[in-house]
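J.: Sharing a structure, written as structure tokens. Questions coming.
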Amino acid sequence: MKSNSDLTSANTYSSKSSVSETGHYKNVVNFKKLKIYAEGLGASYSPQKEILKLSFIETLLTDATKAHDNVKAQDNTVALAIDNRQLVFENIKPLATRVINTMSSTDVDQKTIEDAKSINAKIQGARIDKKDKSTNTEQNKNSISVSRQSYDSYYENFKSLGNLLEQDGNYNPLEEDINIEGLTTKKNEMLASNVDVTTKSNTLETLRIVRNKILYTNENSVIVVAKGVKKYIRGKFGISSPEFAQIKNLEFKDLSKKNKK
């Protein structure tokens, strides 16, 4: 059971991220609708510009769909990694408290106990904020930075506690989860889960960059080609024509600057 409300859950991350991905998906869907309509015009659709031809549009749509799907799949992967990290970190505070309480029944030096209590105070005071990851890009980067620093702080303080006890040499409780070996295992799990989230998040950002180039920033991106197709149909058939009427309301929004998610 997840009891620490200050640890970010994958469910929160996933719901925020899913909302922010909707606009990109709508651009891909509308581009597919535009392609299907252009195909339906048959021989009447005959632009001279290479990037407006159906063969180019088909390839671009395939690339855009794949790029979007890759982002969504990795987004889910990151959410699972965050959820796993939460499970690893959620019992750190009570575990550290048990260590402190157990020290008094061992032959640990009194100065070591005092130092351990000081480290435990840092662990108990650590907090991982739940930031809204659906905000703009700069705010989102700041939120991720704060979260990573908080988890790093948990890990470093817990590692310091273990190192202190190991150096003292007189901390040898029978309980497997709070003896030196157990604390070392927990420390390694914390580090591994933290690295896993960072690695998978970096991969996600790379995939978003690729997606944004295909949809928005490349010279022949989806929104550039889509606007070109609409202009071609409007120019050939007329602004009041039934042909243009069928596609004039297909919207293509550039989301590359507003929100990279």
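The values are calculated or read from the model by the stated rules, or taken from the named source; none is laboratory data. The structure presented is a predicted model; accordingly, all values stated were derived computationally and were not measured. Because the Cβ atoms are built from the backbone with ideal geometry, glycine has one as well, and the counts that use them run over all protein chains shown. Surface areas here come from the heavy atoms of the whole protein model, side chains and all, with no ligands, DNA or RNA. Shrake-Rupley method; radii C 1.70, N 1.55, O 1.52, S 1.80 Å.
J.: Any residue in the stretch 209-222 that is open to solvent by 50 Å² or more (accessible area, probe 1.4 Å), more than 28 Å from His24 (Cβ to Cβ) and in contact (Cβ under 8 Å) with a residue 60 or more places away in the chain? It would help to see each step written out before you state the result.
T.: Taking the stretch 209-222 and keeping what is open to solvent by 50 Å² or more (accessible area, probe 1.4 Å), we get 209-210, 213, 217-220.
From what's left, more than 28 Å from His24 (Cβ to Cβ): none.
No: zero hits.
J.: Quick check, is Ala81 in contact with an Asp or Glu (Cβ under 7 Å, 6 or more places away or on another chain) and either at pLDDT 95 or above or assigned to a helix (DSSP H, G or I) (or both)?
T.: yes
J.: Just checking: which of the helices (runs of 4 or more DSSP H) contained wholly in the stretch 174-261 hold 3 or more residues that are out of contact with any helix residue (DSSP H, G or I) (no Cβ under 6 Å at 6 or more places or on another chain) and more than 25 Å from Val71 (Cβ to Cβ)?
T.: 180-212, 222-237
J.: Looking at the stretch 53-71, which of its residues are open to solvent by 20 Å² or more (accessible area, probe 1.4 Å) and either assigned to a helix (DSSP H, G or I) or in contact (Cβ under 8 Å) with a residue 40 or more places away in the chain (or both)?
T.: We begin by selecting, within the stretch 53-71, every residue open to solvent by 20 Å² or more (accessible area, probe 1.4 Å); these are 53-56, 58-59, 62-63, 65-66, 69-70.
Result: Leu54, Ser55, Phe56, Glu58, Thr59, Thr62, Asp63, Thr65, Lys66, Asp69, Asn70.
J.: Please count how many residues of the stretch 89-127 are in a loop (DSSP other than H, G, I, E, B) and of a type in the set (D, E, K, R).
T.: So the count comes out to 4.
J.: Something else now. Within the stretch 21-34, how many residues are open to solvent by less than 20 Å² (accessible area, probe 1.4 Å) and farther than 11 Å from His68 by Cβ?
T.: 2
J.: Of all residues in the stretch 35-52, which are open to solvent by less than 80 Å² (accessible area, probe 1.4 Å), in a helix (DSSP H, G or I) and not aromatic (Phe, Trp, Tyr)? Can you show your working first?
T.: Keep residues of the stretch 35-52 that are open to solvent by less than 80 Å² (accessible area, probe 1.4 Å), which gives 35, 37-38, 40-42, 44-47, 51-52.
Then drop every residue that is not in a helix (DSSP H, G or I), which leaves 35, 37-38, 40, 42, 44, 51-52.
Once the filter is applied, which keeps residues that are open to solvent by less than 80 Å² (accessible area, probe 1.4 Å), in a helix (DSSP H, G or I) and not aromatic (Phe, Trp, Tyr), the stretch 35-52 yields Lys35, Ala38, Gly40, Gly42, Ser44, Ile51, Leu52.
J.: Condition first: open to solvent by 30 Å² or more (accessible area, probe 1.4 Å) and under 19 Å from Leu52 (Cβ atoms). Now tell me which residues in the stretch 234-249 satisfy that.
T.: Arg234, Gly235, Lys236, Phe237, Ile239, Glu243, Gln246, Lys248
J.: Okay, moving on. Condition test on Thr199, is it closer than 18 Å to Asn91 by Cβ, surrounded by fewer than 16 Cβ atoms within 10 Å (Cβ to Cβ) and of a type in the set (Val, Ile, Thr)?
T.: No.
J.: Output the number of the condition that Thr106 fails; it satisfies all remaining conditions of (1) more than 23 Å from Glu156 (Cβ to Cβ); (2) modelled with pLDDT under 95; (3) open to solvent by 70 Å² or more (accessible area, probe 1.4 Å).
T.: Of everything listed in (1) more than 23 Å from Glu156 (Cβ to Cβ); (2) modelled with pLDDT under 95; (3) open to solvent by 70 Å² or more (accessible area, probe 1.4 Å), Thr106 misses just condition (3).
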